[in-house]
Structure formats: structure tokens, C-alpha cells
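J.: Below is the structure I would like to discuss, written out as C-alpha cells.
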Protein chains: 2
Amino acid sequence: MTKTGEFERIKRILAPLAVGSAGAFDLTDDAAVFPTEPDRDLVVTTDTMVAGVHFIGTEPPQLIARKLLRVNLSDLAAMGARPQCYTLNIALPSTTEDEWLEQFAEGLEADQGRFGITLAGGDSVSTPGPVTLTVTAIGSVPRGQALRRSGARIGDRILVSGTIGDAAFGLLALTGALPPLPDAARDRLIERYRLPQPRVALGERLTGIAHAAIDVSDGLVADLRHIAETSACGAVLRAAAVPRSEDVRALLQSTPSLQETGLAGGDDYELLFTVAADRVPAMAELAGQLSLPLTEVGEIVDGASVRVLDAAGRELKIGSGGWVHR
Amino acid sequence: MTKTGEFERIKRILAPLAVGSAGAFDLTDDAAVFPTEPDRDLVVTTDTMVAGVHFIGTEPPQLIARKLLRVNLSDLAAMGARPQCYTLNIALPSTTEDEWLEQFAEGLEADQGRFGITLAGGDSVSTPGPVTLTVTAIGSVPRGQALRRSGARIGDRILVSGTIGDAAFGLLALTGALPPLPDAARDRLIERYRLPQPRVALGERLTGIAHAAIDVSDGLVADLRHIAETSACGAVLRAAAVPRSEDVRALLQSTPSLQETGLAGGDDYELLFTVAADRVPAMAELAGQLSLPLTEVGEIVDGASVRVLDAAGRELKIGSGGWVHR
């Protein structure tokens, strides 16, 4: 059981993460400095995760780190931004072992390499409460081209990347609330819940094309409602068109009562976006280039409501929609 | 006792703080977007404060908010940066009343006006632990001109703004560890502890002039050591030259054992910086323009140690120096 002073701990364990981040000055200065690029806007997003609220606390620290980083990268992706760097604030109980922090740093390091970002600075403090983690991620977009929730236009087609529902079923599997299913399927679903795949490359490619975009974190229906409300229009979602993995398809067939979770469950971190109808063919081409399914699931309409239709065109009731963190 | 849903709470109480921050989109998007200025570098700093660790928790929420914002602005000042905007992450126990959050927002609003910054975004979560607050502040400096800790050169004069020790004695007064002193003096010292005055205007004026700078948060001696270590040189500090308020001067005269706290105590948030000897006269002029004392307290020397000398030139022992947060 080794616990070192806060300052030494930061320096030893986190400083290697700042290597390559020219303005981070090996985390020895009061702030990080970095050059801005001409003709690009800056995009900033931040998320906090609390042990016992946003994660259980017994997960491998590497996974906690990667999820924290990735939910922020997903927000950047939803704005069409290219990630640049991030800051990290960690409040740790005094009982936290150096080993935990080292494994946490390993997770950050792995994803830094994968997404081409570095640690620019941060703060490390002690807390009498649970582990509390904040990442603030900074990226950039071509000037004036940031994707927003509010740009959807009547007649736009609504598309979503990847498959939907896997993460929500992964969470149910973790809490023992799913019917029995094969181990391999269970593992895949849990992995989707634990380790989102932020659609950074897709987000960048959608600037100048998509009229509105959001990442699916609250749930497909709730996030579509965010687009509709901020864009002052309505939307129709065709439930049968929502892209499903083999695992989710099997679950929905065997247990139809899971349909609501399949539409309203959160944490997918796919991109939900709208494009003009004549852009849909270009989306098929983009899907091929990115090896990522982009599926048309509905359209933006006049009005103020989000209506969900079944395969026969009948309206489904989804309750309040969306998945709210405890 | 009114407690509203998280989303509504954020929108209602914090959204007004984002007015005027063009890229914050009334906090309805996934991230904030703002234009960068040509020929300026971006400066980012972040600090976390935990109730029971960095503040008691019973302070007026307005004061907690302002201190949090100001310690970040002080870090920007130490880099010579002009503040632009900030993000806010708040983890609150479910018992927190809306009133607390409203008063917290009042404090932010007051200082936003004073320092010309706006809220660009953030995250609000619940926690089973203590109130945990993170501010990430963003500013800018002329390209390549950011002040750093590491630029001090042998022969540089060391200067400090304002007066030193007030905040540390304010903390002692709060905890009942000071000898009896007049109420007015006690109030002034406590105010210095509770509400730092970040030296933003000074920081901006020092770009292109100061060789090294830091804000005095750990304590005068500890922070001078940070400059010396990162600059790979030594320093001499003349204890008798350290600028004192009337209140601190009276305390040090009546109770000489307080001398160590007067040199090593933290939380002053003044700027400690070095300039070439021939720049000292210009500093006197700048002090006049800013109505802020700038006092020469020592010099940068060859070597690797920070030596503190008394009025007779004898070396004082300061122990480990610096004030470490619990």
C-alpha cells in the first residue's frame, strides 16, 4: 500500500500523459497554452462522473478512464469537432491506492493514442466522498461549421450511426435484469455499455452536410426530441427502421416487452443527425468509406411532437422517453 | 424545500449566466463553440474545490462561487492571459436546496461582470458525497507570449504584487488560532482569505516583460521555489522586504512566532514574477498605473536553492515551506 504526496503523485503518474502536448509544459505551469488554428472555431465540452452514480466503482480503472474520455469525445463528435486535448480533474478518497491511479492513467494513455489527443493540464484533490472525475475536452471545427442540435429543417431525413439499444441492454445484463442469453452476446452488450465508440471521424465528415446532430446519450427518442425542440419542428421515427445488432434483434424477438428499452435506453453514443433528402445517397457512400452503418430512421416534419411509428404506421407510446442517470 | 429535476435546474438557474457567450447556445448543445482570435494562443486552467477540504461548506454560496472562479482567473493571470470564458461542473448532494444553487449562481454572475467572462457550458450531477466544484477557465495571450514559471534568469529581480500573508492569517483567524486582534483587522484578513483578487490586469501587462511568473497560492517561499526549480537556478528572498499590510505588520510585531506563517502561508493569489534589473523602474510606473504595489523582494542567483535572509542578511530556516491543502 503505497500512497505518495499529491504533488509527486500527479507528476509521476500523470505527467507522461502530457508528453507531446507542447503547451502542457509537463504539467508544471499554472495553465496550458496552445496555439489556435486560423479559420477554425474552438469547441469545448465537459463531463463529470461520480463513483456510485455514473459507474459502480469496482470496474477496471482503465475502463472508467476510457469511458470518461469517450463520452466527452462523443460530445465533440456531435459538434463535428476534431479533438485536440483535454484537462482532467480527479477527486480521490485518501484510501485510493497508487495502483488504481496508475491503471486509470493506462486507460487514458491507450485512448490518447487512439484518438490523437493529449493531456493539457488538470487538478488532483482529495475528497471524503466518492471518486469524482471531470474531463474537459477541447477540439476545433472549420469556422462557422459546428454542428448543432437546432438546425433541423422540415423534410430532412433523420439518420443514426451504428446500432441502437446495445448499451441499454448491456446495463440490464450487468444488473441481472435480462432474460438468459448466450455468454458471448452478454459480453458484447456489456462491452457496448462500458466502452462507447465515439463517432469522431463521422462527426468531422458531417460538417457542412448535416443540418442538426446530437450524440445518443439520453436515448434515441429523448435525443431526437432535443433536436426537434431546439429546431422548433416535429419528427417521425420509424421504430422498425432503427438499426439493431444481431444480439438486440434476438432479444427483441424473444422478449417483445423490451421494445421500450430498445428505443428509449441510453448510452449508445452513436450520432443522430439530419440531412436534406437529396444528401441521403451521399450518406450511403460515407458509410462505406467509414465502415460504419448510417441508417435512415425517420424524418423531420412540421409540428412540435416526436411520433414513433411501428412497421404498420401505428403510433407507439414511449412514456417519458429517455434514460435518466440516478 | 424545492428541488427540481437536474435538467430543469441547470436551465433555469445557470442558463442566464451564459447570456452574451455567443457559442454557449444557452447551454442547450453538446458543447460550446467560440471563435479564436488570430495571433493569440489559448490558455486553459482548471481547479476543483471540495466541501470540507477546500472550503468549510457553511460559507455563503456566493463566496464559494467567487473564490472558485477567482483561483482560476489567478492562474490565467499568472500566464499573462486575458480571461474569455469558463465551464462549470457541479456535483451536488440530493439535499442541496435550489436556494443554495441560486446564491451560488449570483456569485458567479457578480464576478462574470467584474472580469468580463461568461459561462460557456458545464455539467451538473448528483453525488452521495460532498459538494464538488470544478471550473475550467479559458483565456488567451498574444502568440508566444505566455508567462511561464521556467523563464527566470540569473540577475533577475524578484517582485511581488499587493501584500503577502493576509490570507494565511485570515485562515488562522477563522480557526481561532490567532492572538486577539481588533474586529476590523480580523474582518479584513478573513476577507483576503475568502475572496482573492486575481491580478488579471497585471498579468496582461507583464507579457513580453516578465521572465517568469506564478501566482502565490502554495505560499511565497514554496512558489518562489517552483520558479527556481523550473528555471534551474537559485533565488534569494529578503524577508524584511516582503510587502505587508498594516494588519499583518502589527501581528508580526506583537507575535514574532508568526513570521513563518507570514512567509510560508498560502492563498494570497498575488503575482510573484521576475524581470531584468533594468526593468525595475518600469515596474514602479506600472504599479502607479494599476494602483497596485509591486515590490522588489529578492533576486535570482546561480545555484539550486531558495535562501531567505533576514534584515541583517542572516539566513532564516523555513522548514519545508508552503501550505499544503489537507
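The values are calculated or read from the model by the stated rules, or taken from the named source; none is laboratory data. As the structure is a computational prediction, the values presented were derived from the model and not from experiment. No Cβ is skipped: glycine too gets one built from the backbone with ideal geometry, and neighbour counts run over all protein chains shown. Surface accessibility is based on the protein's heavy atoms, side chains included, excluding ligands, DNA and RNA. Shrake-Rupley method; radii C 1.70, N 1.55, O 1.52, S 1.80 Å.
J.: If I ignore ligands, DNA and RNA and count only protein heavy atoms, how much of A:ILE154 is accessible to a 1.4 Å probe, in Å² to the nearest 10?
T.: 110 Å²
J.: Could you run the Karplus curve 6.51 cos²θ - 1.76 cosθ + 1.60 with θ = phi - 60° over segment B:74-90 and give me ³J(HN,Hα) per residue in whole Hz, x for Gly and Pro?
T.: With the stated coefficients, segment B:74-90 comes to 5, 5, 4, 4, 5, 9, x, 8, 8, x, 10, 7, 8, 10, 10, 10, 10 Hz.
J.: Here's a follow-up. Once you have all Cα-Cα distances for segment A:28-70, histogram them in 10 Å bins from zero and send the whole-percent values.
T.: 19, 32, 29, 18, 2
J.: If you build a Gaussian network model of chain B, linking Cα atoms that sit under 10 Å apart, which residue out of B:GLY165, B:GLY139, B:GLY288 swings the most?
T.: Among B:GLY165, B:GLY139, B:GLY288, the largest mean-square fluctuation in the Gaussian network model of chain B belongs to B:GLY288.
J.: Here is a further query. Considering only the label points, 7 Å along Cα→Cβ from Cα, what distances in nm to one decimal separate A:GLY113 from the same position in each other copy, shortest first?
T.: Inter-copy label distances (nm, one decimal, shortest first): 5.2.
J.: Using Cα springs under 10 Å in a Gaussian network model of chain B, which residue among B:ARG188, B:ARG225, B:ARG66 shows the largest mean-square fluctuation?
T.: Answer for the Gaussian network model of chain B: B:ARG188.
J.: Evaluate the relative contact order of chain B (contact order divided by residue number), counting alpha-carbon pairs under 8 angstrom at least 6 apart; express in whole percent. Mind dumping the intermediate values first?
T.: Working: 706 pairs, mean separation 72.5, N = 326.
Result for chain B is 22 percent.
J.: Okay, next question. Each residue of segment A:252-260 in order: what ³J(HN,Hα) in whole Hz does its phi give by Karplus 6.51 cos²θ - 1.76 cosθ + 1.60, θ = phi - 60°, with x for Gly and Pro?
T.: For segment A:252-260, the Karplus-derived couplings read 5, 6, 6, 9, x, 5, 7, 3, 4 Hz, x marking Gly and Pro.
J.: Moving to a separate point now. Using +1 at the Cβ of each Lys and Arg and -1 at the Cβ of each Asp and Glu in the protein assembly as shown, identify which of A:GLY266, B:GLY165, B:LEU147 lies farthest towards the dipole's positive end.
T.: Highest projection toward the positive end goes to B:LEU147.
J.: I'd like the mean, over residues of B:134-146, of how many other protein chain beta carbons sit within 10 Å of each residue's own Cβ.
T.: On the way: counts 12, 3, 11, 1, 5, 2, 2, 2, 0, 3, 2, 1, 8.
What the average comes to for B:134-146 is 4.
J.: Given N residues in segment A:60-190, what is Rg(Cα) / (2.2 N^0.38 Å)? Mind dumping the intermediate values first?
T.: Numbers: Rg = 18.2 Å, N = 131, 2.2 N^0.38 = 14.0 Å.
Against the compact-globule rule of thumb, the ratio is 1.30.
J.: If amide hydrogens are placed 1.01 Å from N in the peptide plane, which non-local residues have theirs closer than 5 Å to the one on B:GLY80?
T.: Counting only residues 5 or more places away or on other chains, the set is B:LEU147.
J.: Average partner chain C-beta neighbours within 10 Å, per residue of B:77-84?
T.: Values: counts 2, 3, 5, 2, 3, 0, 0, 1.
Counting other chains' Cβ atoms within 10 Å and averaging over B:77-84 gives 2.
J.: B plus A alone minus the pair: what accessible area, both sides summed, probe 1.4 Å, in Å² to 100?
T.: On the way: alone 14810 and 14780 Å², together 25460 Å².
Accessible area lost upon association: around 4100 Å².
J.: Mind checking the dipole of segment A:95-164: about its Cα centre, +1 per Lys or Arg Cβ, -1 per Asp or Glu Cβ, Debye to the nearest 20?
T.: Numbers: 6 positive and 9 negative charges, 212 e Å.
Computed about the Cα centre, the dipole is about 1020 debye.
J.: Taking 0.36 nm per intervening residue step and subtracting the Cα-Cα distance, what contour gain separates B:ASP187 from B:ARG12 on full extension? Display every interim value, and only then the final one.
T.: Details: separation 175, 0.36 × 175 = 63.00 nm, distance 3.46 nm.
The span from B:ASP187 to B:ARG12 would gain 59.5 nm if fully extended.
J.: Now, a different point. Relative to the Cα centre, what is the charge dipole magnitude of the protein assembly as shown, using +1 at the beta carbon of each Lys and Arg, -1 at the beta carbon of each Asp and Glu, and rounding to the nearest 20 debye? Walk me through the intermediate numbers first.
T.: Values: 60 positive and 84 negative charges, 46 e Å.
In total the dipole reaches around 220 debye.
J.: Farthest toward the dipole's positive end in the protein assembly as shown, which of B:ALA284, A:GLY208, A:GLY298, given Cβ charges of +1 (Lys, Arg) and -1 (Asp, Glu) about the Cα centre?
T.: Checked the options; the winner is A:GLY208.
J.: What shape does segment A:174-229 take by its C-alpha gyration tensor, where a ≥ b ≥ c are the square roots of the eigenvalues and a/c under 1.5 counts as rounded, a/b above b/c as prolate, and the rest as oblate?
T.: oblate
J.: Across 10 Å bins from 0, what is the distribution of all Cα-Cα pair distances for segment B:193-305, in whole percents?
T.: 12, 45, 35, 8, 0
J.: On to the next question. Using the Cα centre of chain B as the reference point, and only Cβ charges (+1 on K/R, -1 on D/E), how large is the resulting charge dipole? Debye, rounded to the nearest 20. Let's see the in-between values first.
T.: Details: 30 positive and 42 negative charges, 144 e Å.
Its charge dipole is roughly 700 debye.
J.: Check B:VAL125: other-chain or 5+ apart residues with amide H under 5 Å from its amide H, H built from backbone geometry?
T.: B:ILE90, B:ALA91, B:LEU92
J.: Quick one: grab the alpha carbon gyration tensor of segment A:198-237, order the square roots of its eigenvalues as a ≥ b ≥ c, and give me rounded if a/c is under 1.5, else prolate or oblate depending on whether a/b is larger than b/c.
T.: Details: a/c = 2.73, a/b = 1.45, b/c = 1.88.
Cα axes put segment A:198-237 in the oblate bin.
J.: Not counting ligands, DNA or RNA, and with a 1.4 Å probe, what is B:THR295's accessible surface area in Å² rounded to the nearest 10?
T.: 40 Å²
J.: Would you pull out the residues with amide H under 5 Å of B:VAL131's amide H, same chain only if 5 or more places away, H placed 1.01 Å from N?
T.: B:ALA51
J.: Which whole number gives the average, over all residues in A:47-56, of C-beta atoms from other chains lying within 10 Å of the residue C-beta? Can you show the working numbers first?
T.: Working: counts 4, 11, 3, 7, 3, 3, 6, 3, 0, 0.
So the per-residue partner count for this stretch is 4.
J.: Moving to a separate point now. How big is the protein assembly as shown in terms of Cα radius of gyration and Dmax, in angstroms?
T.: 26.7, 94
J.: Would you give the gap between the C-alpha center of segment B:130-164 and the C-alpha center of segment B:189-264, rounded to a whole Å?
T.: 13 Å
J.: Continuing with the same structure: Please give the per residue accessible area of chain A, computed with a probe of 1.4 Å over protein heavy atoms only, in Å².
T.: Numbers: 12710 Å² over 326 residues.
Spelled out: the 1.4 Å probe surface of chain A, per residue, equals 39 Å².
J.: Treating chain B as a set of equal point scatterers at the Cα positions, no solvent, please give the Debye-formula log₁₀ I(q)/I(0) at q = 0.07, 0.08, 0.10, 0.13 Å⁻¹.
T.: So the normalised log intensities are -0.30, -0.39, -0.61, -0.98.
J.: Right, something else. Could you give each residue of segment B:161-169 its phi-based ³J(HN,Hα) in whole Hz, using Karplus coefficients 6.51, -1.76, 1.60 with θ = phi - 60°, and x for Gly or Pro?
T.: My calculation for segment B:161-169 gives 8, x, 10, 10, x, 3, 5, 5, 6 Hz in order.
J.: Specify, for chain A, the residue whose C-beta is closest to the rotation axis mapping it onto chain B, with the distance given in whole Å.
T.: Its Cβ sits closest to the axis: A:GLY129, 1.
J.: Express the C-alpha Rg of segment A:139-186 as a ratio against the empirical globular expectation 2.2 N^0.38 Å, rounded to two decimals. Write down the numbers at each step before the final one.
T.: Values: Rg = 18.3 Å, N = 48, 2.2 N^0.38 = 9.6 Å.
With N residues counted in segment A:139-186, Rg over 2.2 N^0.38 Å equals 1.91.
J.: Right, here's the next one. Considering lysine pairs in the protein assembly as shown that are 8 or more places apart or on different chains, how many have Cα atoms under 29 Å apart?
T.: Step by step, the pairs that qualify in the protein assembly as shown add up to 12.
J.: Please report the accessible area of B:TYR193 (heavy atoms, 1.4 Å probe, ligands and nucleic acids excluded) in Å², nearest 10.
T.: B:TYR193 exposes around 30 Å² with every protein chain in place.
J.: Mean-square fluctuation check for chain A, GNM, Cα pairs under 10 Å: which of A:GLY57, A:GLY80, A:GLY203 is largest?
T.: Per the Cα network of chain A with a 10 Å cutoff, A:GLY57 tops the list.
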